[in-house]
């Protein structure tokens, strides 16, 4: 009886891979919270970001981040309370550090984790410059990026009560 039960359990239990190696998990754990804790060294300018965007991003996100075939990145600032809200990085995302984190971790979609920290800072600077969130001559780094005030920074309510409206 126990042999049959063990066989049935073994047959119905998925056998997906092996336990994750802690060193591998640490190497892939690159998340950056809103306050910028863990931002890497490096920096990137708007002009450098434009060159990188033209080479690696424009084919999916269009000129100046207008979208097609992938999501629109820019525009829509001030539209969230209208009948036709446009949710973009510029109009919706509350923290610039989230943009850096996402670019570094997930872009380009065909080759995630392939951008250097310098490229991620530069792309973040360029995308934020399109809608005037940072100046056209901005250079972003671990110190300046968390200080960027996104247009929708105060548009979210903290579910844990730290933010009151």
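Which angle from 0 to 90°, rounded to the nearest 10, does the C-alpha axis of helix 46-56 make with the longest principal axis of the chain? Relative to the chain, helix 46-56 is tipped by roughly 50 degrees.
If R0 is taken as 35 Å, the Cβ-Cβ distance between residue 79 and residue 111 corresponds to a FRET efficiency of 0.65. Net length available on complete extension from residue 70 to residue 37 is 9.0 nm, with 0.36 nm assigned per residue and the Cα-Cα distance removed. Under 18 Å from a point 7 Å along the Cα-to-Cβ line of residue 157: which residues of the stretch 68-99 have their amide N that close? Counting backbone N atoms under 18 Å from the label point, the list is 80-82, 94. Against the main long axis of the alpha-carbon atoms of the chain, helix 96-106 sits at an angle near 50°. Build a GNM of the chain with springs between Cα atoms under 10 Å apart, and of 100, 92, 16 the one that fluctuates most is 16. Using only Cα atoms and rounding to the nearest 10 degrees, what angle (0 to 90) does helix 117-130 make with the longest principal axis of the chain? It is inclined by approximately 50 degrees.
Restricting to Cα pairs below 8 Å that are 6+ residues apart, what does the relative contact order work out to for the chain? Please round to a whole percent. Each step should come with its number before you reach the end.
On the way: 242 pairs, mean separation 45.4, N = 165.
About 28 percent, as a whole number.
Among 106, 125, 27, the largest mean-square fluctuation in a Gaussian network model of the chain (Cα springs under 10 Å) belongs to 27.
Just so you know, all these numbers are worked out from the coordinates, no wet-lab data involved. What you see is a predicted model; the values in this text were computed from it and never measured. Neighbour counts run over all protein chains shown; Cβ positions are idealised from the backbone, glycine included.
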